[in-house]
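*Asks:* Quick one: structure below, then a few questions.
What follows draws every value from the coordinates through simple rules; no lab data is involved. This is a predicted model, so every value here is computed, not measured. Cβ placement follows ideal geometry from the backbone for every residue including glycine, while neighbour counts extend to all protein chains displayed.
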Amino acid sequence: MVYQIVKKAFVTFISLGIILLIIIGWTLMAQESNHKNNGRNVIKLSEPRYDGNVSIERALKKRRSIREYSDKPLTLTEVSQLLWAAQGKTRSTFGRTAPSAGALYPLEVYLVVGNVTDLSKGIYKYQPENHELLRIADVDKQGDLCSAALGQGCVRGGAVVIVFAAVYERTTQKYGQRGIRYVHVEIGHAAQNVYLQAVSLNLGTVVVGAFNDNKVHKIMDMPEEEQPLCIMPVGMIK
């Protein structure tokens, strides 16, 4: 009798173990699927540096709007630093490099790659939570983005173009119409961060606000709720 009970318990234990392994396997497969996301794979970025060779005072003094760039590529490390400056996390919970009203973080950051070492041309979306890039498209869209920006040559000439968008509802659901103002204040903080980080890396950039919103939205394959706010080409200074 005891033998039968032990045998039954053992069989139940083994069965539960098999079921658990199956569940774990499905979970891992789902995570892998999410990372691949139908070909939209994730690129993990290098850890950002928190100490540079240029003081904040020096960066402020040297900050300029630069519209012409050399044809030298950026490194993936430089790209990582620029994106972290734009919207990177600064602590494990709430906290990013740019202040946000109510810590609601309405901004989304895209990257159009034209000339980066070890990163193929295309469109990517920055994921601040894990400091990584999600590939959106493998095709070169820099020329299309330049056309949408009324033919401004700096957009085509940058090694990369950072595109900022916002989901206004994240802020207005708490602050009402005044939340729109808060979003616009926040985009100014983030853009200035990119300017100063570019100076620290001896790179040039400029804020571009003149563009066709609908065209940029379509080129970047943005979700309906996102609205493009500004474009920042970045490249090596000539």
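*Asks:* Pick from VAL109, VAL54, VAL79: which is touching a Leu at 6+ places or on another chain (Cβ under 9 Å) and farther than 28 Å from GLU226 by Cβ?
*Replies:* On the way: VAL109 fails: farther than 28 Å from GLU226 by Cβ; VAL79 fails: farther than 28 Å from GLU226 by Cβ.
Just one listed residue meets the conditions, VAL54.
*Asks:* Tell me which residues, restricted to region 138-170, are hydrophobic (A, V, I, L, M, F, W, C), more than 20 Å from LEU82 (Cβ to Cβ) and not in a loop (DSSP other than H, G, I, E, B).
*Replies:* So in region 138-170, the residues hydrophobic (A, V, I, L, M, F, W, C) come out as 139, 145-146, 148-150, 154-155, 159-167.
Next, only the ones that are more than 20 Å from LEU82 (Cβ to Cβ) stay: 139, 148, 150, 167.
Once the filter is applied, which keeps residues that are hydrophobic (A, V, I, L, M, F, W, C), more than 20 Å from LEU82 (Cβ to Cβ) and not in a loop (DSSP other than H, G, I, E, B), region 138-170 yields only ALA148.
*Asks:* Let me ask something else about it. Could you grab me the full set of residues in region 96-112 that are under 16 Å from GLN127 (Cβ atoms) and not aliphatic (A, V, I, L, M)?
*Replies:* ARG96, THR97, TYR105, PRO106, GLU108, TYR110, listed by residue number.
*Asks:* Let me ask something else. Go through region 151-161 and give me each residue that's on the phi < 0 side of the Ramachandran plot and either surrounded by fewer than 24 Cβ atoms within 10 Å (Cβ to Cβ) or not aliphatic (A, V, I, L, M) (or both). Step through it out loud before you land on a result.
*Replies:* Step one: filter region 151-161 for residues on the phi < 0 side of the Ramachandran plot, giving 152-161.
Once the filter is applied, which keeps residues that are on the phi < 0 side of the Ramachandran plot and either surrounded by fewer than 24 Cβ atoms within 10 Å (Cβ to Cβ) or not aliphatic (A, V, I, L, M) (or both), region 151-161 yields GLN152, GLY153, CYS154, ARG156, GLY157, GLY158.
*Asks:* Can you find, within region 83-122, the residue that is surrounded by the most Cβ atoms within 10 Å (Cβ to Cβ) among those that are over 10 Å from the mean Cα position of the chain (by Cα) and in a helix (DSSP H, G or I)?
*Replies:* ALA85
*Asks:* Considering every residue within region 217-225, establish whether at least one is more than 16 Å from VAL163 (Cβ to Cβ) and surrounded by fewer than 22 Cβ atoms within 10 Å (Cβ to Cβ).
*Replies:* There is at least one residue in region 217-225 that is more than 16 Å from VAL163 (Cβ to Cβ) and surrounded by fewer than 22 Cβ atoms within 10 Å (Cβ to Cβ).
*Asks:* Here are some residues: GLN173, GLN197. Which one is part of a helix (DSSP H, G or I), free of Cβ contacts under 8 Å to residues at least 40 places away in the same chain and of a type in the set (S, T, N, Q)?
*Replies:* GLN173
*Asks:* Next question. Show the residue pairs that are 6+ apart or on different chains and have beta-carbon atoms under 8 Å apart, the first residue being within region 176-192 and without any contact (Cβ under 8 Å) to a residue 40 or more places away in the chain, the second being in a helix (DSSP H, G or I).
*Replies:* From region 176-192, the pairs are ILE180/THR171; ILE180/THR172.
*Asks:* Anything in region 219-228 that is in contact with an Asp or Glu (Cβ under 9 Å, 6 or more places away or on another chain) and either of a type outside the set (A, V, I, L, M) or outside any loop (DSSP other than H, G, I, E, B) (or both)? List them, or say none.
*Replies:* Of region 219-228, the ones in contact with an Asp or Glu (Cβ under 9 Å, 6 or more places away or on another chain) are 219-220, 222-223, 225-228.
Matches in region 219-228: ILE219, PRO223, GLU225, GLU226, GLN227, PRO228.
*Asks:* If you scan region 133-147, which residues turn out to be surrounded by fewer than 16 Cβ atoms within 10 Å (Cβ to Cβ) and either touching a strand residue (DSSP E or B) at 6+ places or on another chain (Cβ under 8 Å) or not small (Gly, Ala, Ser) (or both)?
*Replies:* If the condition is that a residue be surrounded by fewer than 16 Cβ atoms within 10 Å (Cβ to Cβ) and either touching a strand residue (DSSP E or B) at 6+ places or on another chain (Cβ under 8 Å) or not small (Gly, Ala, Ser) (or both), then ASP138, VAL139, ASP140 are the ones that fit.
*Asks:* When residues of region 76-103 are filtered for being basic (Lys, Arg) and touching a helix residue (DSSP H, G or I) at 6+ places or on another chain (Cβ under 6 Å), how many remain? Give the derivation first.
*Replies:* Within region 76-103, the subset basic (Lys, Arg) is 89, 91, 96.
This time we only want the ones that are touching a helix residue (DSSP H, G or I) at 6+ places or on another chain (Cβ under 6 Å), so: 96.
Residues flagged as basic (Lys, Arg) and touching a helix residue (DSSP H, G or I) at 6+ places or on another chain (Cβ under 6 Å) within region 76-103 amount to 1.
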